[in-house]
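A.B. asks: Structure incoming, see below.
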Amino acid sequence: MSPWLLVVIYVLVLGAFVGLELIGKLPPTLHVPLISATSGAAAIVLIAPLELPAELSGLSTGLSGAAIGLAAMAAVGGISAASGLLGSGTKEPR
């Protein structure tokens with residue numbers, strides 16, 4: 001295994017543990033701002049693959065497409081979850 005791959009795996013695992021600890025200690029009143037912030041980050045990730053040069057190999061094109069799709073799903077899901085938590089959705093009158 002290459003040293004670069006070991007560093008990538010190490011950062012991924014460390015980020016997962018730190019993220020779980022931070023989310024677990026977060027008060028419920030801060031959940032909506034956190035979801036909104038991650039939706040903003042996902043929107044920024046959407047821009048990066050679009051700015052890549054046109055001379056990409058097949059693997060790079062596939063990874064760029066996957067990044068665009070996953071970031072779009074994260075942005076839309078985060079926005080819909082935040083709006084649902086805030087109660088800004090339409091409600092039926094009783």
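The values are calculated or read from the model by the stated rules, or taken from the named source; none is laboratory data. The structure displayed is predicted, hence computed values, not measured ones. Glycine also receives a Cβ, built like all others from the backbone with ideal geometry; neighbour counts cover every protein chain displayed.
A.B. asks: For a quick check of your reading of the model, give me the residue pairs whose first member lies in the range 1-28 and is of a type outside the set (Gly, Ala, Ser), whose second is assigned to a helix (DSSP H, G or I), with beta-carbon atoms closer than 8 Å and at least 6 apart or on different chains.
C.D. replies: ILE23/LEU34; LEU26/LEU34
A.B. asks: Given the conditions (1) part of a helix (DSSP H, G or I); (2) surrounded by fewer than 10 Cβ atoms within 10 Å (Cβ to Cβ); (3) at pLDDT below 75, and given that ARG94 satisfies all but one, which numbered condition is not satisfied?
C.D. replies: (1)
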